[in-house]
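Step one of this worksheet: look at the structure below.
The values are calculated or read from the model by the stated rules, or taken from the named source; none is laboratory data. Being a predicted model, the structure only gives us computed values, none of them experimental. Note: areas computed on protein heavy atoms with side chains; ligands, DNA, RNA excluded. Shrake-Rupley method; radii C 1.70, N 1.55, O 1.52, S 1.80 Å.
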Amino acid sequence: MAKSKAANESEPVVIKKYANRRLYNTETSSYITLDLLSQMTREGREFVVVDAKTGEDITHNVLTQIIMEEEQRGKNMLPVNFLRQLIAMYGDSMQSMVPQYLEASMDAFRKNQQQFQEAMKGAFGGGPLAEIAKRNMQMFEAAASAFGNGVPGMPGATPSPTPVATEESKDDEIAVLKAQLAALNAKIDKLS
């Protein structure tokens, strides 16, 4: 492991999956488990999983398998209603937009989570940070309740006022996300 930290961050670790379902970490030259891949993900380590025989990138399949194992262990994070809505989107005309929407939503959630954690550090002393912590908590609750109920494009959701194009520009996508964020902020303001 003579690689520098900068090299580790720029190049993903290659994991080879063999026919016997064993995973081989080419960086450490050792066999690993799905649990270790899960931990690497939590630590922010980038990796790619390839089929050892064909060289095909199977990272998506392995990450999905990790999620399924976590869910089976009783660490349910995906509500049944969300899973039903997600399955219903397969084959729908909106299917191509779902991955981008979910990724943007998760990025926004992560940013709010970081702000929340920072605010909680200072919240015990009171003052303006306590108000930020309270507001972030309300945003988390609103986002959680809105996810199954007000997500544009999901079954049972109210129609989105913005037209959907097959090849929206990045500016249009940002405008749509800003509108959705404004709607969530309006819900939060109503809760206050």
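Observations, loosely collected:
- Accessible area per residue for segment 46-98 is 72 Å², calculated with a 1.4 Å probe on protein heavy atoms, without ligands, DNA or RNA.
- Taken over the alpha carbons of segment 1-121 as equal point scatterers, the Debye sum produces base-10 log I(q)/I(0) values at 0.12, 0.13, 0.16 Å⁻¹ of -0.62, -0.73, -1.04.
- Partners for LYS190 among lysines (Cα-Cα distance below 23 Å; same-chain residues under 8 apart left out): LYS111, LYS134, LYS178
- Close amide-amide hydrogen proximity is noted between ILE32 and LEU23, TYR24, ASN25, each under 5 Å apart and 5 or more residues distant or on a separate chain (H modeled in the peptide plane; Pro and chain starts excluded).
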